[in-house]
Amino acid sequence: MAEKHWREHCPKMVRALERKGLLHQMLLEAEENTKDEMATLRTQLMQQGSTAQQAQTQAWEIVREKYVLLPSEE
């Protein structure tokens with residue numbers, strides 16, 4: 001999902017990362033950071049009374065634009 005979004009919305013960044021041979025590494029880091037932060041947020045949200053599904057959805061909404069759905073380049 002991240003790679004498709006990045007290629008469509010951040011082509012300059014993708015080209016620069018490909019030139020440096022870092023695209024795959026950055027995608028893996030985005031995946032790991034997303035998983036780690038979502039796990040932490042899910043736990044916090046469930047402790048605050050959210051169901052597991054609510055916590056999962058809320059955590060995804062909070063984290064997705066930080067690592068996966070980056071803003072479009074201008």
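Some points to look at:
- The residues of the stretch 5-41 that are closer than 14 Å to residue 59 by Cα and of a type in the set (S, T, N, Q), listed by number, are 33, 34, 40.
- Residue ID - farthest from residue 3 (Cα to Cα), chosen from residues in the stretch 46-74 that are of a type in the set (Val, Ile, Thr) and outside any loop (DSSP other than H, G, I, E, B): 57
- Residue that is nearest to residue 10 (Cα to Cα) [pool: residues in the stretch 29-74 that are touching a His at 6+ places or on another chain (Cβ under 9 Å) and surrounded by 12 or more Cβ atoms within 10 Å (Cβ to Cβ)]: 70
- Taking the stretch 18-28 as the range and being outside any helix (DSSP H, G or I) and surrounded by 11 or more Cβ atoms within 10 Å (Cβ to Cβ) as the test, only 22 passes.
- Which listed residue is under 14 Å from the mean Cα position of the chain (by Cα), hydrophobic (A, V, I, L, M, F, W, C) and at pLDDT 95 or above, from 45, 28, 17: 28
The values are calculated or read from the model by the stated rules, or taken from the named source; none is laboratory data. Keep in mind that this is a model prediction, so the values were computed, not measured. Every residue, glycine as well, gets a Cβ built from its backbone with ideal geometry; the counts of neighbours run over all protein chains shown.
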